[in-house]
1. Given the stretch 486-536, what strands (runs of 3 or more DSSP E) lie entirely inside it while holding 1 or more residues that are acidic (Asp, Glu)?
2. What number of residues within the stretch 379-399 satisfy the criterion of being part of a strand (DSSP E or B) and surrounded by fewer than 24 Cβ atoms within 10 Å (Cβ to Cβ)?
3. Going residue by residue through the stretch 566-582, is there one that turns out to be in contact (Cβ under 8 Å) with a residue 40 or more places away in the chain, within 16 Å of ligand 2 (Cβ to nearest atom) and among the β-branched types (Val, Ile, Thr)?
4. Among the listed residues Gly446, Gly464, which satisfies the condition of being free of Cβ contacts under 8 Å to residues at least 40 places away in the same chain and not aliphatic (A, V, I, L, M)?
5. Is it the case that some residue within the stretch 140-148 is in contact (Cβ under 8 Å) with a residue 24 or more places away in the chain, surrounded by fewer than 24 Cβ atoms within 10 Å (Cβ to Cβ) and away from ligand 1 (no atom under 16 Å from the Cβ)?
6. Test Pro137 against the criterion of being more than 16 Å from ligand 2 (Cβ to nearest atom) and over 29 Å from the mean Cα position of the chain (by Cα), and give yes or no.
7. Working carefully through the options Leu655, Leu638, find the one that is more than 24 Å from the chain's Cα centre (by Cα) and away from ligand 3 (no atom under 16 Å from the Cβ).
8. Condition first: part of a loop (DSSP other than H, G, I, E, B) and either free of Cβ contacts under 8 Å to residues at least 60 places away in the same chain or within 16 Å of ligand 1 (Cβ to nearest atom) (or both). Now tell me which residues in the stretch 659-678 satisfy that.
Amino acid sequence: MTTWLPRLVPVVLSVAISACSGGAKGSGGTAGTAGGGTGGGSVGGGAGAGGNMPDTGGATAGGGTTGIGGAGPGGSTGTPSTAGALGSTVGSLELYGTFHAMGVIATLPAGTDANSNAVANLEYRVSGTGDYLLGFPLTRVAATSFVGSLFWLTPGTSYDVRVRYADPDGAPLDGAGAGATASTRAEISIPSPTRTLQVSPTGSGTVCSAATPCPLSQALGQAQAGDEVLLAAGTYYQGEFTISASGTAAAPISIRGATGAILDGSDPATFTWTSQAGGVFATTVNRPDPHLVTANGARLYPYSDLSSLTALSASSTPGLFANGTALSAHLAGDASPTAATMAVSRYNYAFTLTGSFVFIRDLTFQNYGQGDYAKAIYIRDGSDNLVQGCRFITNDLGIGLKGTTDRNVIQDNEFSDTIFGWTWEDVKAEGNLETGGVRFYSPDDGRGTVIRRNKFHDFFDGLGICPTESAAVTNETDFYENQSYNNGDDGIETDGRCANVRLWSNVFHDTLSGISLAPVMDGPVYCLRNQIYLAGAGHSQAGYTAIPFKFNSDDGASGTIYLLHNTVDAQRAGNDGFKILSPGTWQLLYTRNNVWAGTLYAMENANPTQPLDMDYDDLWSNGSDTLVRWDGLSNTHLAAIPALTAATGQQSHGLSAAPVFTAPATADFTPGPSSPLIDRGIYIPGINDGFSGQAPDIGAVETK
Ligand SMILES: [Ca+2]
Ligand SMILES: [Ca+2]
Ligand SMILES: [Ca+2]
């Protein structure tokens with residue numbers, strides 16, 4: 001899979017950049033020419049957006065360029081700002097760097113922009129190196145508060161950042177701003193341990209050497225900063241370890257598995273199963289409330305009473321009923337559990353981390369599912385921890401985070417369950433199995449979580465990355481280069497308190513919905529260069545179809561959502577490329593340079609009262625109905641882009657053409673040589689700098 005992560009080249013070409021062409025609509029889809037910048041400039045102007053735009057397009061500050069559109073970049077660098085020094089300093093600026101991004105939070109003194117019509121433009125450079133480049137403008141989130149992000153930064157690098165206000169009311173705010181300098185986060189380095197504590201499943205004593213390994217509990221108790229706890233191969237039927245010690249950046253506490261090291265939350269005891277009426281078998285377990293029981297590796301549906309279990313009332317799904325230590329199971333074909341490989345959860349969790357700089361690597365976690373809120377790893381007020389290279393197989397939850405949890409990194413892991421085949425309604429009725437691989441409990445006031453290069457599959461929701469509540473001003477969560485597939489509801493939920501949350505270059509397939517933003521409270525949330533195909537999967541009795549991006553919610557209002565350079569290819573028959581359902585309210589849904597390829601409609605909008613600003617997208621469907629269906633119009637069926645634009649004001653530079661991907665059947669969504677997507681997008685500063693050819697390509701992948 002091609003991922004697209006342009007790097008800022010800290011060399012600024014001396015290119016003449018014309019000022020933004022104001023609020024005028026750009027010309028016919030050429031989005032700036034390389035090295036010159038003539039087109040575009042159309043994304044401001046508040047088209048259909050009810051004044052919520054972060055940019056107003058027409059405003060210029062001190063002769064410089066503003067707005068999201070405008071001049072094209074020169075060569076492979078970003079576009080230099082031509083605005084010169086800030087007029088004066090106003091307000092304050094907070095920066096928060098992650099590896100490849102940086103949150104920017106700008107605050108004005110109360111009353112500075114009483115009519116709330118100023119915009120906050122963003123400029124940045126590698127510290128001390130030449131001209132400032134244009135970033136993506138900030139989003140107003142309150143009367144005096146703006147939030148934005150820088151993308152594609154280099155880890156461990158200092159950046160000068162400044163916000164420059166453009167206020168149509170002129171002085172004193174217009175041309176003024178604030179600057180600050182901060183570094184992105186350096187990549188994690190894992191130093192060699194100062195001491196290795198060797199552990200085995202049958203270890204004993206306190207020595208913890210290779211010759212005489214100790215129990216896991218002993219090594220964890222001894223571990224201090226710089227130590228590594230090394231688990232030899234084997235299955236550890238253990239759990240509920242709380243690790244309160246902390247390492248340091250230079251000397252973390254490492255907990256690492258040798259190949260074949262498995263932490264298993266199930267009870268290794270052999271249970272005696274007694275046949276009951278109706279194909280049910282019963283036993284007594286050693287610890288009450290085993291929520292998670294598997295038979296031959298497949299999770300049993302947790303029925304709420306014996307009669308439901310006997311009848312297998314959840315779509316005939318094999319199941320369990322637990323009542324204290326009394327456990328009943330009903331397998332397929334009324335088979336006896338004695339003839340199956342059974343796993344009965346005994347532990348609620350493997351590790352709880354309350355400290356910092358604990359690095360957990362290369363371990364398998366399975367069968368943690370006893371009691372309420374079970375999870376394999378619980379990060380509780382712990383920061384700067386790392387979970388890397390681990391395999392999470394059938395736990396109630398892989399990793400849960402709660403409290404003050406800053407800068408935890410979850411990377412290169414695989415999370416899975418076995419419930420993709422269950423019906424949507426049965427999972428909803430059960431109520432506790434929508435968790436997936438990673439979840440933030442509420443409240444989570446931390447910032448800077450990075451979740452990257454993981455796989456999430458065979459869940460209901462792949463994972464969720466926004467807590468319901470957070471006291472932090474922004475989350476600063478990055479989710480990128482992950483894969484989420486075979487999930488019966490959402491590939492990922494960002495539902496909740498979600499401000500400065502960035503999702504890029506992820507792949508979602510064979511899920512019902514791809515990315516759920518329902519709602520994303522406060523915002524902004526950025527979805528960039530994600531690929532969503534074969535949505536509409538799953539097993540719903542109601543016959544739900546694909547919602548590649550989900551906005552509908554009755555749980556509250558979303559902030560501003562940016563969908564830029566995503567590719568949706570429905571592929572599965574009878575599904576839309578883009579679908580807005582009701583109810584739901586949001587500040588603004590802003591889309592540019594996306595492919596919405598459906599097999600029913602390219603796009604449906606069943607919630608037309610909410611503010612949209614959509615342009616430069618490719619709308620395509622090979623279905624037999626019209627291109628677009630849009631509620632609230634005298635003719636809800638629109639056959640082509642001009643009719644859509646005339647009726648709704650959207651997509652005035654939109655494209656409707658078969659995308660001609662290189663090999664969509666094998667998930668290569670690179671535009672083919674004859675693709676109409678090539679050079680058809682609009683330049684967006686801070687987002688698609690460094691494009692090839694004459695302009696950015698529409699969709700997730702830029703041709704080289
Ligand atoms: Ca003003
Ligand atoms: Ca969901
Ligand atoms: Ca191009």
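The values are calculated or read from the model by the stated rules, or taken from the named source; none is laboratory data. Just so it is clear, the model here is predicted, and its values are computed rather than measured. Positions of Cβ are backbone-derived with ideal geometry, glycine not excepted, and every protein chain shown enters the neighbour counts.
1. Qualifying strands (runs of 3 or more DSSP E): 507-516, 520-522.
2. Here the count works out to 5.
3. no
4. Gly464
5. Yes, the stretch 140-148 contains a residue that is in contact (Cβ under 8 Å) with a residue 24 or more places away in the chain, surrounded by fewer than 24 Cβ atoms within 10 Å (Cβ to Cβ) and away from ligand 1 (no atom under 16 Å from the Cβ).
6. It is false that Pro137 is more than 16 Å from ligand 2 (Cβ to nearest atom) and over 29 Å from the mean Cα position of the chain (by Cα).
7. Leu638
8. Result: Val660, Gly672, Pro673, Ser674, Ser675, Pro676, Ile678.
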